[in-house]
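Colleague: Here it is, the structure in full.
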Amino acid sequence: MTLPGTPDPAGFPADFLWGAATAAYQIEGAADEDGRGRSIWDTYSHTPGRVRDGDTGDVAADHYHRWRDDVALMAELGLRSYRFSVAWPRIQPGGRGPVNQKGLDFYRGLVDELNDRGIEPWITLYHWDLPQELEDAGGWPVRDTAERFADYADVVAEALGDRVRYWTTLNEPWCSSFLGYASGAHAPGRHEHDAAVAAVHHLLLGHGLGVQALRARGAEQVGITLNLAPMTPVDDHPAVADAVRRADGWQNRIFLDPLLRGSYPDDVRADLAGVTDFSFEQDGDAATIAAPLDLLGVNYYQTQVVSTSPMPGTNLAALGPTETPLTAMGWGVDPEGLGDLLRRLQRDYGDLPLYVTENGSAYEDVVTADGAVHDAERTAFLAAHLASAQQAIADGVPLKGYFVWSLMDNFEWAHGYSKRFGVVHVDYATQQRRVKDSGRWYADFLRAHRDRSGY
Ligand code: FCB
């Protein structure tokens, strides 16, 4: 593959926040322990035909029992920060009301261990595991879910606010809304386009109310993580240019604009006119959603190639095949896209501090006879993306941190355990962890950065 150079540790600011990310349902396991309730992902993964090979997160990487060793591994890798999510059904098993102290205790122990080792905890409050009872009451298409999310944010902030500086409300609300309620590829697996757009609004509202709750508890750094993608036209036909506009609206601006400019874009409203009348909006929502943030988390995996064929039932653009090399997910490798995206965010939305909260790749990893995983493609992927991020910084983009997805192999949603994204390999039969070559490369790079910047 063609790669845009090699990153230089000296090209990143001294206080750059280097980390790795995970999510609760993907790694914790212990699905029935210590009072945890059920989430939409328990239901979905236990429904035959939904997840590849019938895999579930019941055991996952058993992090709920191995977290101390996992934090030791993070220290060994030299991570400065660890981004993880709190499982709402561990904190409020039914999504509302009584708090499960054992759930809070788990995260308190984790956070204390991280702090003791000098690793900055970074909490994502919602990484897709909605308590099933809230889905039974309508889920994200229903306004009440946003209010319940704010209550939950308050509970977690009260318990952990004195020991956690970095907070993000939601991870990738695009996936929660469109994959969860329109395509059905994610939990809860519904196929209702109007409900999906209502879910967008209530996720954003939940975010805004969550920000208020976090601020009221004195949270220092507050933001949200979006999955954003540059849109590239498949050819230079004028109809394709309009499809690029629509795809950008539907994937990126439908979230960025209400959060950072105070309203949904007019063209996105028009594109969605046949799907919803936006009657879920109430007075005051726009201001709540646009509450000032301290940071924006950016999850970047690929550039989307756009063609014109509409998605069924919508006026949206289709995403076509890409000609770049592909990862095991079939996602096109486009390191330059990361720098382009970061520059675009600064140009269109201003100088809000940016963090790459996820970037990484799945490949067909093999444990070789020497007991190692020689994942040269992943190392090349990471190096190229860091070089692209470095160029963005040199261009003046306020990029403050980078988190590799993922710390370790885990339950990759509808793909089950068939896709490995970790820089640490997990043998699911024994739960043995092995640092892959890419993990060693990342650790060496972080060490070189530390040595040069002297933090
Ligand atoms: C992102 C998710 C994360 C993981 C990666 C591969 O969309 O946030 O949980 O599945 O993709």
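Colleague: Output the strands (runs of 3 or more DSSP E) that fall wholly within region 327-430 and possess 2 or more residues being under 17 Å from the mean Cα position of the chain (by Cα) and either hydrophobic (A, V, I, L, M, F, W, C) or modelled with pLDDT under 95 (or both), or say none.
Modeller: 354-358, 399-405
Colleague: Pick from region 128-152 the residues that are among the acidic types (Asp, Glu) and not in a loop (DSSP other than H, G, I, E, B): which of them is least open to solvent (accessible area, probe 1.4 Å)?
Modeller: That would be Glu135.
Colleague: Considering only region 26-44, state which residues are in a helix (DSSP H, G or I) and either surrounded by fewer than 18 Cβ atoms within 10 Å (Cβ to Cβ) or aliphatic (A, V, I, L, M) (or both).
Modeller: Once the filter is applied, which keeps residues that are in a helix (DSSP H, G or I) and either surrounded by fewer than 18 Cβ atoms within 10 Å (Cβ to Cβ) or aliphatic (A, V, I, L, M) (or both), region 26-44 yields Ile27, Ile40, Thr43.
Colleague: Next question, about the same structure. So Val240 clears everything in (1) within 24 Å of the chain's Cα centre (by Cα); (2) part of a helix (DSSP H, G or I); (3) of a type in the set (Val, Ile, Thr) except one condition, right? Which one?
Modeller: (1)
Colleague: If you go through region 372-399 one residue at a time, how many are more than 14 Å from Pro9 (Cα to Cα), open to solvent by 30 Å² or more (accessible area, probe 1.4 Å) and away from the ligand (no atom under 16 Å from the Cβ)?
Modeller: 4
Colleague: Tally up the residues in region 45-67 that are within 19 Å of Ser406 (Cβ to Cβ) and assigned to a helix (DSSP H, G or I), please.
Modeller: Qualifying residue count for the region: 7.
Colleague: Something else about it: Being in a helix (DSSP H, G or I), within 30 Å of Asp15 (Cβ to Cβ) and either basic (Lys, Arg) or at pLDDT below 95 (or both): is that true of Arg108 here?
Modeller: When the stated conditions are applied, Arg108 passes them.
Colleague: Out of the residues in region 325-340 that are touching a residue at least 60 places away in the same chain (Cβ under 8 Å) and within 15 Å of the ligand (Cβ to nearest atom), which is nearest to Gln302 (Cα to Cα)?
Modeller: Val333
Colleague: Just the residues that are open to solvent by less than 30 Å² (accessible area, probe 1.4 Å), free of Cβ contacts under 8 Å to residues at least 24 places away in the same chain and part of a helix (DSSP H, G or I), please, taken from region 244-270.
Modeller: Asp248, Gly249, Asp257, Val268
Colleague: Right, next: Return the total of residues in region 111-127 being open to solvent by 10 Å² or more (accessible area, probe 1.4 Å) and not in a loop (DSSP other than H, G, I, E, B).
Modeller: Of the residues in region 111-127, 5 are open to solvent by 10 Å² or more (accessible area, probe 1.4 Å) and not in a loop (DSSP other than H, G, I, E, B).
Colleague: On to the next question. Can you tell me how many residues in region 290-302 are more than 26 Å from Arg269 (Cβ to Cβ), away from the ligand (no atom under 16 Å from the Cβ) and open to solvent by 30 Å² or more (accessible area, probe 1.4 Å)?
Modeller: 1
Colleague: Please go through region 277-289 and give me each residue that is surrounded by 18 or more Cβ atoms within 10 Å (Cβ to Cβ) and either assigned to a loop (DSSP other than H, G, I, E, B) or of a type in the set (Gly, Ala, Ser) (or both), ordered by number.
Modeller: Phe280
Colleague: So, one more: Quick check, is Ala187 of a type in the set (A, V, I, L, M) and within 16 Å of the ligand (Cβ to nearest atom)?
Modeller: yes
Colleague: What's the total number of residues in region 1-25 that are farther than 24 Å from Leu73 by Cα, hydrophobic (A, V, I, L, M, F, W, C) and in a loop (DSSP other than H, G, I, E, B)?
Modeller: Summing the residues that are farther than 24 Å from Leu73 by Cα, hydrophobic (A, V, I, L, M, F, W, C) and in a loop (DSSP other than H, G, I, E, B) in region 1-25 gives 2.
Colleague: Go through (1) out of contact with any Phe, Trp or Tyr (no Cβ under 9 Å at 6 or more places or on another chain); (2) under 24 Å from His415 (Cβ atoms); (3) small (Gly, Ala, Ser) and name the single condition Ala196 misses.
Modeller: So the condition that Ala196 fails would be (1).
Colleague: Next question, about the same structure. Exactly one condition in (1) away from the ligand (no atom under 16 Å from the Cβ); (2) touching a Lys or Arg at 6+ places or on another chain (Cβ under 6 Å) is not met by Trp122; state its number.
Modeller: (1)
Colleague: Next question. Looking at region 153-189 only, could you name the residues that are open to solvent by less than 20 Å² (accessible area, probe 1.4 Å), touching a strand residue (DSSP E or B) at 6+ places or on another chain (Cβ under 9 Å) and part of a helix (DSSP H, G or I)?
Modeller: Passing the criteria: Ala153, Val156, Ala157, Leu160, Pro173, Cys175, Ser176.
Colleague: I need every pair where a residue in region 354-372 that is farther than 30 Å from Ala229 by Cα has its Cβ under 6 Å from the Cβ of a residue that is open to solvent by less than 10 Å² (accessible area, probe 1.4 Å), sequence separation at least 6 or different chains.
Modeller: Val367/Val373
Colleague: Would you check which residues across region 214-237 are part of a loop (DSSP other than H, G, I, E, B) and open to solvent by 20 Å² or more (accessible area, probe 1.4 Å) and list them?
Modeller: Arg217, Gly218, Glu220, Pro230, Val234, Asp235, Asp236, His237, listed by residue number.
Colleague: Out of curiosity, is Leu203 part of a helix (DSSP H, G or I), open to solvent by 30 Å² or more (accessible area, probe 1.4 Å) and among the aliphatic types (A, V, I, L, M)?
Modeller: So Leu203 fails the test.
Colleague: In addition: Scan region 402-455 for residues that are of a type in the set (Asp, Glu) and away from the ligand (no atom under 16 Å from the Cβ) and report the count.
Modeller: Matching residues across region 402-455 total 4.
Colleague: Any idea how many residues of region 361-371 are on the phi < 0 side of the Ramachandran plot and open to solvent by less than 40 Å² (accessible area, probe 1.4 Å)?
Modeller: Of the residues in that region, 4 qualify.
Colleague: Could you identify the single residue in Ala241, Ala291, Ala286, Ala273 that is at negative phi and in contact (Cβ under 8 Å) with a residue 60 or more places away in the chain?
Modeller: Ala291
The values are calculated or read from the model by the stated rules, or taken from the named source; none is laboratory data. Owing to the predicted nature of the structure, the values given are computational and were not obtained by experimental measurement. Every residue, glycine among them, receives a Cβ derived from its backbone with ideal geometry; neighbour counts consider all protein chains shown. With ligands, DNA and RNA removed, areas are computed over all heavy atoms of the protein, side chains included. Shrake-Rupley method; radii C 1.70, N 1.55, O 1.52, S 1.80 Å.
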